[in-house]
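K.L.:
My structure is below; once you've seen it, I'll send some questions.
The values are calculated or read from the model by the stated rules, or taken from the named source; none is laboratory data. What you see is a predicted model; the values in this text were computed from it and never measured. Note that each Cβ is placed from the backbone with ideal geometry, even for glycine, and that neighbours are counted across all protein chains shown.
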Amino acid sequence: MRALRQSEGSLGASVRERLVAFVRVLRDNGLVIGLAETHDALLIMSEPGAARPHRLRVALRALFCNRRSDLQKFDDAFDAFWFTRNTRSVVKLAGVPTKAQAGQFAPRTGTSDQPGAGAPDPVQRGEGDDTSQGGRGTREGASHVENLAQIDFRHIVAPGDIAAAHGIAARLAKSMRARLTRRMRARRRGQILDLRRTIRSSVAHGGVPFQLAYRQRRHKPLRLVVLLDASGSMSLYSAIFLRFMHGVLDCFREAEAFVFHTKLVHVSPALRERDPQRAVERLTLIAQGTGGGTRIGESLATFNRWHAKRVIHSRTCVMIVSDGYDTGSTSQLADEMAALRRRCRRIAWLNPMIGWQDYAPEAAGMKAALPYVDLFAPAHNLASLQALEPYLARI
Amino acid sequence: MSARQIPANYRIETVKIPQDVIASKMTAAGYIPDRELATALWLMDSLSRPLLLEGEAGVGKTEVARALAETHGTKLIRLQCYEGLDQSSALYEWNYQRQLLAIKAREGADADAVEEHIFSERYLLERPLLASIRQPVSPVLLIDEIDRADEEFEAFLLELLADFQISIPELGTITATTIPRVVLTSNGTRELSDALRRRCLYHYVDFPEADREARIVLSRIPHIDAALALQVATMVGLIRKEELRKSPGVAETLDWAAALVGLEVRHLQDDPETVHATMMCLIKTAEDRSRITPEVTARLIGKVA
């Protein structure tokens, strides 16, 4: 081991530079690599044990990768960088803007199926519809903001109102977080002396209450997992929900976000981007991907198979935002809902259409899912989002 | 050129590759590693970094640590993590009973002297983490299922792994006499912090491929036929491809192989009914049990042939 520490000087400056460039490529691809790791990589490169490319690859992989999803990224980057193989992926690697790209793809689907970047943005589409919906978003009133909270998202069309609604959605998420966590902290501090156990244990010490026993309620923080339907039928709503999700992820200590249409995409990393506008824009691009229906059942299956184990714990609320129009098989949807039901504490299904007049959950998918849902609530305006808070606080 | 001249590539062939050395040592200790794991183990030694093993339950993560301790001829110190694990059960605790007795025995003596006495090493109970840095020979420290512990504990562990010293308020700072080899395992029930992941070498332990699993069976089950071992391994591989709630791990494979040997099955095709009956070694939930019907078993056996 000590011999290793001394031998790094034997490497030429060009090798060092190449390595540093390689590390930069990996960082751009979302791997977390510190200075210490780069330094250790230099040590490895000067070892006979890593003298062959495949040995070096295996060694650097153990050092640089931090999670399973990194393994494939590392291999691609390694080939592209050192062998200039897979030239196509070189282009892709170079085009990755930030590390937020990490984890955007469904597991094992490879990196080739990213939806086209030219897909329409629902916000834009809403503005285009201006003529048909006659500016109902701009109402006169004492408090414009309050009014805005009552208006169905479909009818918010003026650009200024859209921005305001987004702002409120983000703030709403923030305030929900503040209240929920404050309550939890107060509970955590509530340390009560357990008199019974203290006296019992004092018997062993001749009646001296030497070992004080405490009672303390351990509370896991509530974790929120949001699954957002981003299919065509939801397009009028998805932009604002994305904004809400961004707020939630920014504020909740534990939250995960997924978007689905025909397949499920894990979007938490992309949503953690600071600038909300950019995060939402990038997401709408992903979300508005392939079109052609909604496979809720299949998306849930992906979730149960690949993500549920990691993101769900005993105090998790899964929030599905969808209108329940499913083009996949209904029986699969029911099966997967049942599986999900067994796993998590609560399932809340938010359906924007509940807010419409005369709505009944007639869609076959919605009917199949309903027996497994704890809360079936409207989510068509800001007020309905706000109404969720007391429910979440009770979980 | 004379015939006795040494070929140019001769020396390269004889250089001992450290990961191969480790692989053969581990094999001798009863764990058959793949190349990647061997490399990770080598780096663990040469870079003195902890090793983080992830993988499904039952792929033999814990076994790696056991075999590693055996190859180095050292002690394996194990810390099983669970929710609510705190410093008093991970690090150290005072032996309150003995302290109380000591106070009783010294009643009337100088209070300061008594206090000095009862907060000495004699009254200190070592827990795994403290024990691991006070060994004469550097041990293997296995921190099992780190994902079950709380985030606070993870942060504390990170600090310990960085400087290997523990401060006890009443006693002062205890610095490590030896740096342990640290193996962490995780089942992925909770996302670990980036900081911890970055510090560790990472290896994903997958279910072994049929060939390696057959070798594991051969090394662990005495008197098993090599052909049967390969059949068993292939069969288990096929069962893992069926979408089961709980895929059988390597330990289950070993159980099953032992059961088959005990029932004197030589060939899976000979006796499909017995094979199906022994599936209880592999399949552990009622739902999976109903999915693997005798017909499915027969079909899978057909594929093994």
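K.L.:
From the list A:L42, A:L71, which residue is part of a helix (DSSP H, G or I) and more than 10 Å from every other protein chain (Cβ to nearest Cβ)? Explain how you work it out, then say what you get.
P.N.:
Details: A:L71 fails: more than 10 Å from every other protein chain (Cβ to nearest Cβ).
A:L42 is the lone residue from the list that is part of a helix (DSSP H, G or I) and more than 10 Å from every other protein chain (Cβ to nearest Cβ).
K.L.:
Looking at A:V32, A:V20, which is the one that is at pLDDT 85 or above, surrounded by fewer than 19 Cβ atoms within 10 Å (Cβ to Cβ) and not in a helix (DSSP H, G or I)? Quick ask: steps written out before the conclusion?
P.N.:
On the way: A:V20 fails: not in a helix (DSSP H, G or I).
When all the criteria are applied, what remains is A:V32.
K.L.:
Please enumerate the residues belonging to the range A:295-309 that are within 12 Å of another protein chain (Cβ to nearest Cβ) and closer than 18 Å to A:M245 by Cβ. Full working, then the answer.
P.N.:
First, the residues of the range A:295-309 that are within 12 Å of another protein chain (Cβ to nearest Cβ): A:301, A:304-309.
Correct list: A:H307 only.
K.L.:
Now a separate question. Quickly run through the range B:188-203 and pick out the residues that are surrounded by fewer than 18 Cβ atoms within 10 Å (Cβ to Cβ) and either closer than 23 Å to B:A233 by Cα or among the aliphatic types (A, V, I, L, M) (or both).
P.N.:
Matches in the range B:188-203: B:A195 only.
K.L.:
Still on this structure, I have one more. Name the residue that is modelled with the lowest pLDDT, counting only residues in the range B:34-54 that are more than 9 Å from chain A (Cβ to nearest Cβ) and assigned to a loop (DSSP other than H, G, I, E, B).
P.N.:
B:D34
K.L.:
Here is a further query. Would you confirm, using the coordinates I've provided, whether A:A77 is modelled with pLDDT of 85 or more, assigned to a helix (DSSP H, G or I) and at the interface with chain B (Cβ under 8 Å from one of its Cβ atoms)? Show your work before the answer.
P.N.:
Working: modelled with pLDDT of 85 or more: yes; assigned to a helix (DSSP H, G or I): yes; at the interface with chain B (Cβ under 8 Å from one of its Cβ atoms): no.
Against the criterion (modelled with pLDDT of 85 or more, assigned to a helix (DSSP H, G or I) and at the interface with chain B (Cβ under 8 Å from one of its Cβ atoms)), A:A77 does not qualify.
K.L.:
Could you look through the range B:287-305, keep only residues that are small (G, A, S) and in a helix (DSSP H, G or I), and pick out the one that is surrounded by the fewest Cβ atoms within 10 Å (Cβ to Cβ)? Before the answer, list the steps.
P.N.:
Filtering the range B:287-305 down to residues small (G, A, S) leaves B:290, B:298, B:302, B:305.
Still in the list and also in a helix (DSSP H, G or I): B:290, B:298, B:302.
Working: B:S290: 9, B:A298: 14, B:G302: 11.
The residue in question is B:S290.
K.L.:
Now a separate question. Quickly run through the range B:91-142 and pick out the residues that are surrounded by 15 or more Cβ atoms within 10 Å (Cβ to Cβ), in a helix (DSSP H, G or I) and either aliphatic (A, V, I, L, M) or over 32 Å from the mean Cα position of the chain (by Cα) (or both).
P.N.:
B:Y96, B:Q99, B:L100, B:A102, B:I103, B:V114, B:H117, B:I118, B:L129, B:L130, B:A131, listed by residue number.
K.L.:
Which pairs do you get when a residue that is in contact (Cβ under 8 Å) with a residue 12 or more places away in the chain, found in the range B:55-79, comes within reach of a residue that is hydroxyl-bearing (S, T, Y) and in a loop (DSSP other than H, G, I, E, B), reach meaning Cβ atoms under 7 angstrom, with the pair 6+ apart or on two chains?
P.N.:
B:E56/B:S247; B:E63/B:Y31; B:V64/B:Y31; B:A67/B:Y31; B:T74/B:S138
K.L.:
Let me ask something additional. So for the range B:213-231 (the condition being in a loop (DSSP other than H, G, I, E, B) and within 25 Å of B:R35 (Cα to Cα)), does at least one residue qualify? Let's see the steps before the verdict.
P.N.:
Our first condition is that a residue be in a loop (DSSP other than H, G, I, E, B); within the range B:213-231, this holds for B:221-225.
Of the ones still in play, those that are also within 25 Å of B:R35 (Cα to Cα) are B:221.
The answer is yes, given that some residue of the range B:213-231 is in a loop (DSSP other than H, G, I, E, B) and within 25 Å of B:R35 (Cα to Cα).
K.L.:
Let me ask something else. For the range B:245-254, indicate whether the set of residues that are assigned to a helix (DSSP H, G or I) and in contact with a Leu (Cβ under 9 Å, 6 or more places away or on another chain) is non-empty. Before the answer, list the steps.
P.N.:
Step one: filter the range B:245-254 for residues assigned to a helix (DSSP H, G or I), giving B:250-254.
Now restrict to residues that are in contact with a Leu (Cβ under 9 Å, 6 or more places away or on another chain): B:252-253.
Within the range B:245-254 (the criterion being assigned to a helix (DSSP H, G or I) and in contact with a Leu (Cβ under 9 Å, 6 or more places away or on another chain)), the answer is yes, since at least one residue qualifies.
K.L.:
Does at least one position in the range B:268-275 carry a residue that is outside any helix (DSSP H, G or I), among the acidic types (D, E) and loosely packed, with under 15 Cβ neighbours inside 10 Å?
P.N.:
Within the range B:268-275, the subset outside any helix (DSSP H, G or I) is B:271.
Filter once more, so that each one left must be among the acidic types (D, E): B:271.
Okay, now just the ones that are also loosely packed, with under 15 Cβ neighbours inside 10 Å, so none.
No, every residue in the range B:268-275 fails to be outside any helix (DSSP H, G or I), among the acidic types (D, E) and loosely packed, with under 15 Cβ neighbours inside 10 Å.
K.L.:
Go through the range B:79-90 and count every residue that is buried (at least 17 other Cβ atoms within 10 Å of the Cβ) and in a strand (DSSP E or B). Show your work before the answer.
P.N.:
In the first step, residues of the range B:79-90 are kept if they are buried (at least 17 other Cβ atoms within 10 Å of the Cβ); the result is B:79, B:81, B:85, B:90.
With in a strand (DSSP E or B) added as a condition, the list becomes B:79.
Of the residues in the range B:79-90, 1 are buried (at least 17 other Cβ atoms within 10 Å of the Cβ) and in a strand (DSSP E or B).
K.L.:
Let me ask something else. Between a residue in the range A:320-336 that is within 19 Å of A:S231 (Cα to Cα) and in the same structural domain as A:E298 (by TED's automatic domain parsing) and any residue that is among the charged types (D, E, K, R) and crowded, with 24+ Cβ neighbours inside 10 Å, which pairs come within a Cβ distance under 9 Å, given they are 6 or more apart or on different chains?
P.N.:
Going by the 9 Å Cβ cut-off, the qualifying pairs are A:I320/A:D229; A:V321/A:D229; A:S322/A:D229; A:D323/A:D229; A:G324/A:D229; A:Y325/A:D229; A:L333/A:D326.
Condition check ((1) at pLDDT 75 or above; (2) of a type in the set (A, V, I, L, M); (3) farther than 17 Å from A:I347 by Cα) across all residues:
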{"position": "A:R272", "(1), (2), (3)": "no, no, yes"}
{"position": "A:G293", "(1), (2), (3)": "no, no, yes"}
{"position": "A:R305", "(1), (2), (3)": "yes, no, yes"}
{"position": "A:K309", "(1), (2), (3)": "yes, no, no"}
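K.L.:
Could you say whether any residue in the range B:56-63 is at pLDDT 85 or above, within 14 Å of chain A (Cβ to nearest Cβ) and in a loop (DSSP other than H, G, I, E, B)?
P.N.:
Within the range B:56-63, the first condition is being at pLDDT 85 or above, and the residues that meet it are B:59-63.
Now restrict to residues that are within 14 Å of chain A (Cβ to nearest Cβ): B:59, B:61.
From what is left, the residues that are in a loop (DSSP other than H, G, I, E, B) are B:59.
Looking through the range B:56-63, at least one residue is at pLDDT 85 or above, within 14 Å of chain A (Cβ to nearest Cβ) and in a loop (DSSP other than H, G, I, E, B).
K.L.:
Then there is this: Could you count how many residues in the range B:148-187 are buried (at least 20 other Cβ atoms within 10 Å of the Cβ), out of contact with any helix residue (DSSP H, G or I) (no Cβ under 7 Å at 6 or more places or on another chain) and outside any helix (DSSP H, G or I)?
P.N.:
Number satisfying all stated conditions: 1.
K.L.:
Also, quick follow-up: Among the candidates A:A383, A:A368, single out the residue that is within 30 Å of A:I162 (Cβ to Cβ), of a type in the set (G, A, S) and surrounded by 15 or more Cβ atoms within 10 Å (Cβ to Cβ). Full working, then the answer.
P.N.:
Details: A:A368 fails: within 30 Å of A:I162 (Cβ to Cβ).
A:A383 is the lone residue from the list that is within 30 Å of A:I162 (Cβ to Cβ), of a type in the set (G, A, S) and surrounded by 15 or more Cβ atoms within 10 Å (Cβ to Cβ).
K.L.:
Now for a separate question. For the condition within 17 Å of B:V64 (Cβ to Cβ), of a type in the set (A, V, I, L, M) and in contact with a Lys or Arg (Cβ under 9 Å, 6 or more places away or on another chain), what is the one hit in B:L192, B:L201, B:L184?
P.N.:
None of the others qualify; the one that does is B:L201.
K.L.:
Sticking with this one: Any chance you could count how many residues in the range A:354-395 are in contact with a strand residue (DSSP E or B) (Cβ under 8 Å, 6 or more places away or on another chain), assigned to a loop (DSSP other than H, G, I, E, B) and either in contact (Cβ under 8 Å) with a residue 12 or more places away in the chain or outside the structural domain of A:V318 (by TED's automatic domain parsing) (or both)?
P.N.:
5
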